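In what follows, a single structure is set out as structure tokens and then discussed.
The values are calculated or read from the model by the stated rules, or taken from the named source; none is laboratory data. Remember, predicted model here, so these are calculated numbers, not experimental data. Cβ sites come from the backbone with ideal geometry, for glycine too, and all protein chains shown count toward neighbours.
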Ligand SMILES: *[C@@H]1O[C@H](CO)[C@@H](O)[C@H](O)[C@H]1NC(C)=O
Ligand SMILES: *[C@@H]1O[C@H](CO)[C@@H](O)[C@H](O)[C@H]1NC(C)=O
Ligand SMILES: *[C@@H]1O[C@H](CO)[C@@H](O)[C@H](O)[C@H]1NC(C)=O
Ligand SMILES: *[C@@H]1O[C@H](CO)[C@@H](O)[C@H](O)[C@H]1NC(C)=O
Ligand SMILES: *[C@@H]1O[C@H](CO)[C@@H](O)[C@H](O)[C@H]1NC(C)=O
Ligand SMILES: *[C@@H]1O[C@H](CO)[C@@H](O)[C@H](O)[C@H]1NC(C)=O
């Protein structure tokens, strides 16, 4: 029998050097809420040269001075909106906002957003999404998106060729497309529509909003939507740890079986934006599905009275990492730890064991 001291030392060495078993839980690593909500994002500060929208994504200073991105003092919620007070002459674009996180978040992350209101109205195209800097390499994940007066949120992925949605375990039966390649159907993506009309537009606001949860895991990508009344307590209580296996069946699911997550996805920048018309909201056939008139001429041009509902009201955005890791890939602000505590513990363990064997 080994003496107790040696047994203890062996146990310490083993627990320190063997990586922890695959975690089922996630721990909060970053939060955007209240007065510091806007602290770690970049404002695009250019007209929409990404999706051909009739929109100018303003700088942070213009967003603040013209009240397009601010914290509502009565609720402490972040407001991100389209300019609805300026008169836009023909041939000019309307001011709005696009922000992206300074940090990127790698596979092994969950991000949640708690919103009270999402932008909607004719010509309005909002999204809460993410992409890798070298898109389409590294992929794109759309958690929340809609155009004009549609009533349901749509979700999806956009990737290089070879990623498909197969064997999904999801509650939505509204599957628009399953090939995620940006080369298929003019970059349609692999899209699933949320069957709940509380997931977008006036229906979302009337229900008091809700939460979208996105899991970016090696085993696949999943999205849950909870209308205000159905938000599980682990989320409403702002718990610092969550276990996605307790959240029930996701509304959208893209398993690794059809899409190797490590191959098709790189660390993601989280993005919130609202554009006007452009590639998705603007085409005459899509526009006519839910709105009368012409997208640019009848809505963007003029006094902006159409845009009173074109705003996000956000209580919080939280990012979680698989417990024992830190999936923050520090961006321009270099605000994050570049290594995980468990990695540090492992190295200390290795050094301790080498020292023991030498001694
Ligand atoms: C959009 O405009 C900015 C500023 O001029 C430029 O840096 C960027 O490369 C442009 N992007 C595209 C896709 O054209
Ligand atoms: C992180 O995102 C920034 C853009 O915000 C990009 O310039 C950088 O290359 C990204 N880094 C990694 C490792 O993905
Ligand atoms: C996706 O499918 C749903 C259900 O069939 C349909 O209502 C919706 O219009 C489709 N969305 C798009 C963008 O084609
Ligand atoms: C949630 O908790 C984190 C710390 O765990 C805190 O920084 C954040 O402000 C909280 N968010 C809200 C909306 O209370
Ligand atoms: C704004 O323009 C709309 C449409 O042209 C018009 O119906 C509305 O009366 C205008 N509002 C104001 C305050 O001028
Ligand atoms: C602009 O939109 C806000 C909501 O974001 C609304 O309260 C306000 O009445 C609107 N202003 C005009 C002039 O329509």
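The residues listed here are 24, 101, 36; of these, the one that is modelled with pLDDT of 95 or more, away from ligand 5 (no atom under 16 Å from the Cβ) and touching a strand residue (DSSP E or B) at 6+ places or on another chain (Cβ under 8 Å) is 101. Quick check on residue 186: is it away from ligand 1 (no atom under 16 Å from the Cβ) and in contact (Cβ under 8 Å) with a residue 24 or more places away in the chain? Here the answer is no, as residue 186 does not meet what is asked. Among the residues that make up segment 324-343, is at least one of them modelled with pLDDT under 95, surrounded by 12 or more Cβ atoms within 10 Å (Cβ to Cβ), in a strand (DSSP E or B) and on the phi < 0 side of the Ramachandran plot? Yes, segment 324-343 contains at least one residue that is modelled with pLDDT under 95, surrounded by 12 or more Cβ atoms within 10 Å (Cβ to Cβ), in a strand (DSSP E or B) and on the phi < 0 side of the Ramachandran plot. Residues that are over 28 Å from residue 267 (Cβ atoms) and either within 16 Å of ligand 2 (Cβ to nearest atom) or surrounded by fewer than 24 Cβ atoms within 10 Å (Cβ to Cβ) (or both): does segment 124-144 have at least one? The answer is no, given that none of the residues of segment 124-144 is over 28 Å from residue 267 (Cβ atoms) and either within 16 Å of ligand 2 (Cβ to nearest atom) or surrounded by fewer than 24 Cβ atoms within 10 Å (Cβ to Cβ) (or both).
Apart from one condition, residue 51 fits all of (1) touching a helix residue (DSSP H, G or I) at 6+ places or on another chain (Cβ under 9 Å); (2) within 16 Å of ligand 4 (Cβ to nearest atom); (3) not in a strand (DSSP E or B); the exception is (2).
So which residues in segment 184-200 are surrounded by fewer than 16 Cβ atoms within 10 Å (Cβ to Cβ) and within 20 Å of the chain's Cα centre (by Cα)? Answer for segment 184-200, where residues must be surrounded by fewer than 16 Cβ atoms within 10 Å (Cβ to Cβ) and within 20 Å of the chain's Cα centre (by Cα): 187, 188, 195. When the strands (runs of 3 or more DSSP E) confined to segment 231-276 are screened for residues that are away from ligand 4 (no atom under 16 Å from the Cβ), those reaching at least 2 such residues are found at 252-255, 268-276.
With respect to being over 26 Å from residue 200 (Cβ atoms), modelled with pLDDT of 95 or more and within 16 Å of the chain's Cα centre (by Cα), residue 266 fits the description.
Of the residues 75, 31, which is in contact with a strand residue (DSSP E or B) (Cβ under 9 Å, 6 or more places away or on another chain), assigned to a loop (DSSP other than H, G, I, E, B) and either under 19 Å from residue 314 (Cα atoms) or modelled with pLDDT of 95 or more (or both)? After ruling out the rest, the residue left standing is 75.
In segment 55-71 there is at least one residue that is closer than 20 Å to residue 129 by Cβ, more than 14 Å from ligand 6 (Cβ to nearest atom) and assigned to a loop (DSSP other than H, G, I, E, B).
Among the conditions (1) within 13 Å of ligand 3 (Cβ to nearest atom); (2) surrounded by fewer than 16 Cβ atoms within 10 Å (Cβ to Cβ), residue 151 misses just one, which is (2). Considering segment 269-298 alone, what residues qualify as being within 15 Å of ligand 5 (Cβ to nearest atom), crowded, with 19+ Cβ neighbours inside 10 Å and under 14 Å from residue 54 (Cβ atoms)? Residues satisfying the conditions are 295, 296. For segment 152-167, taking the residues that are under 20 Å from the mean Cα position of the chain (by Cα) and not in a strand (DSSP E or B), the one that is farthest from ligand 4 (Cβ to nearest atom) is identified as 160. Any idea which residue in segment 197-244 is farthest from residue 269 (Cα to Cα), counting only those that are within 16 Å of ligand 3 (Cβ to nearest atom) and in contact with a strand residue (DSSP E or B) (Cβ under 7 Å, 6 or more places away or on another chain)? Of everything passing the filter in segment 197-244, 198 is farthest from residue 269 (Cα to Cα).
Among the residues of segment 168-183, those identified as assigned to a loop (DSSP other than H, G, I, E, B) and surrounded by 16 or more Cβ atoms within 10 Å (Cβ to Cβ) are 168, 170, 171, 172, 178, 180, 182. Against the list (1) within 20 Å of the chain's Cα centre (by Cα); (2) surrounded by fewer than 21 Cβ atoms within 10 Å (Cβ to Cβ); (3) in a helix (DSSP H, G or I), the condition residue 203 fails is (1). In segment 299-310, of all residues being crowded, with 24+ Cβ neighbours inside 10 Å and near ligand 6 (Cβ under 8 Å from one of its atoms), the one that is nearest to residue 112 (Cα to Cα) corresponds to 310.
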